[in-house]
1. Just want to confirm a number: the relative contact order over segment 4-167, from Cα pairs under 8 angstrom separated by 6+ residues, in percent.
2. How many lysine pairs are close in segment 4-167, with Cα atoms under 20 Å apart and the two 8 or more places apart or on different chains?
3. For the chain, with only Lys/Arg (+1) and Asp/Glu (-1) charged at the beta-carbon, what is the dipole magnitude about the Cα centre, in debye rounded to 20?
4. Would you indicate which of [x] 19.4, 57; [y] 16.7, 49; [z] 19.0, 63 is the value of Rg and Dmax of the Cα atoms in Å derived from the coordinates of this structure?
5. Using the number of other C-beta atoms within 10 angstrom as an exposure proxy, rank Lys243, Lys150, Lys212 with the fewest first.
6. When only Cα pairs under 8 Å and 6 or more residues apart are kept, what is the percent relative contact order across segment 119-254?
7. In what order do Lys240, Lys201 fall by count of nearby beta-carbon atoms within 10 Å, going from fewest to most?
8. Do any GluC sites (Glu not before Pro) in segment 155-232 lie in a DSSP loop with no more than 15 other beta carbon atoms within 10 Å, and if so, which?
Amino acid sequence: MNAVPATATIIALNESRNIADCVSSVSFFDEVLVIDSGSTDGTAELAESAGATVVKNSWPGFGPQKQFALEQARNDWVLSIDADERVSPELREALIDLFRTKPHANGYSINRRNHFMGRPLRHGEGYPDWCLRLFNRNHACWSSDPVHEKVEMKGQTARIIGDLEHYSEGSLTEYLDKQNRYTTLQARHLYEAGRRATLAKLLLSPVVRFIKFYFVRLGFLDGVPGLVHILIGCFNSFSKYAKLREIQSRHPCP
């Protein structure tokens, strides 16, 4: 019998490089559920070989896909983990202990440690990075956001010790490609929500972001990887609002 009476859910598309290690890191869960949205690189087969149950579902966006995963789980308690994340040994022990003594809250935030350019980040935007990932689905659901989705929670939440290791890129080129796709989705979502990009947002958002993460949150202590990670985040902020301005220009107000 597995130690944790909960389901670990993973959404995936062409994650053959990551999926086996991800599934292995949550193998102590009662159920490991992978939602595959049409992989062509053997992701589904690798996930099944590692012990996961695979359900296929066409891609509806990040939030809706994670909500779909939540609804397929056979347990009420769910840990949502991305394919490029791993449960650390410390977090594993904390999760086992939590369910041995029974959870006292409806949801738990986990500290995600971002790995970038070959090293774990310990400051700035990369750490600490608390994310609500473990929760009772009777008190929570995923937002419908197409990107940067979040758990909408009712009731008490708490924190759990141990890190969720996040390996966000295979190469810097891949990471930049992913960020470009994300900022496009963000810009569209902002426009559809009625948000508009002002000149002040375009100019000041990256500057404020750099000051916050590089100086206030000590990102400079992470050396070159920390600097590059923060600068890319600043450019993402600029790019998001620039793309929103472009959409605005194509759809001028009457």
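A short reminder: the numbers here are calculations on the coordinates, not readings from a lab. All values reported here derive from a predicted model rather than from experimental measurement. Cβ: placed from backbone, ideal geometry, glycine included. Neighbour counts: every protein chain shown.
1. 26
2. So the count of such lysine pairs works out to 4.
3. Once rounded to the nearest 20, the dipole reads 1220 debye.
4. Identified label for the calculated read-out: [z].
5. Least to most surrounded, the residues fall as Lys150, Lys212, Lys243.
6. 35
7. Lys201, Lys240
8. Those that pass, being in a loop and sparsely packed, number zero.
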